[in-house]
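Asks: Please find one structure pasted underneath; my questions will follow.
The values are calculated or read from the model by the stated rules, or taken from the named source; none is laboratory data. Because the structure is a prediction, the values reported are computed rather than measured. Quick reminder, even Gly has a Cβ in these numbers, built from the backbone with ideal geometry, and neighbours come from all protein chains shown.
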């Protein structure tokens, strides 16, 4: 694996190898890169978890992190993504981690660029490292994928998390269902009531309402969305024994989920953030070793 661009490009074996290596890192094994690599993180959208998690993972596998501030880069002068990445390659980068507003921005980097590219989120397209940490969190909990019921609820049409997870989970034998208002289903068939889903879901994965990507239907206030589609105390009480709650965050408390449930016994929301460091260590080591 020389890049990580989309979950559609990974085989089940490649996914499981990354999860296995992440578990080894969590259990204290050390990275095995032959040298230190130079990495820059190009985030053209705001991020707390993903950017910081990658920076921590990069340092833990022994890389040198070269600062890059998108808000003061030549991209503001009209420089293309290709020219930005090519410039960093010539300066001495071995890899770049990129988040951008454009879907499939990485297509223009497939020829002529020799650094490794890790997609940290492209528009409403894919978010493979988030997907892999979600898979890791689920596998830690259930030690399997085959036959699980995962319900993904929220802003499906604009969610790169939903698209990435739908691709990977279904390949691994998971029964994936979607819940959202009718106008937010995008390319997927979706349910519009929790009643058909809540009691047999092994995983309830909630998605942030992405106000920055679209104008939210004015018929929905935060309160009405929470009442119809959010995870309330009443719905959590109906979840099956052993079922867990996930959310890629940031969380709109009392919109997607009742605030008190964010850190309840079922919740793996913050544990998944911790898991993300091990998974991103595994991603980086796999890609960089593949280029040695």
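Asks: Only residues that are more than 27 Å from residue 143 (Cβ to Cβ) and touching a residue at least 24 places away in the same chain (Cβ under 8 Å): list them for region 173-190, please.
Replies: Residues satisfying the conditions are 180, 181, 183, 184, 185, 186, 187, 188, 190.
Asks: Residue by residue through region 161-190, note down the ones that are touching a strand residue (DSSP E or B) at 6+ places or on another chain (Cβ under 6 Å) and either at pLDDT below 95 or closer than 16 Å to residue 256 by Cβ (or both).
Replies: Scanning region 161-190 gives 162, 178, 179, 188, 190.
Asks: I'd like to check something: does region 105-116 contain any residue that is part of a strand (DSSP E or B), touching a strand residue (DSSP E or B) at 6+ places or on another chain (Cβ under 6 Å) and surrounded by 17 or more Cβ atoms within 10 Å (Cβ to Cβ)?
Replies: Looking for residues that are part of a strand (DSSP E or B), touching a strand residue (DSSP E or B) at 6+ places or on another chain (Cβ under 6 Å) and surrounded by 17 or more Cβ atoms within 10 Å (Cβ to Cβ), one finds at least one in region 105-116, hence yes.
Asks: Follow-up question, since we're still on this one. Restricted to region 17-74, and to residues that are touching a strand residue (DSSP E or B) at 6+ places or on another chain (Cβ under 7 Å) and part of a helix (DSSP H, G or I), which residue is surrounded by the fewest Cβ atoms within 10 Å (Cβ to Cβ)?
Replies: Result: 59.
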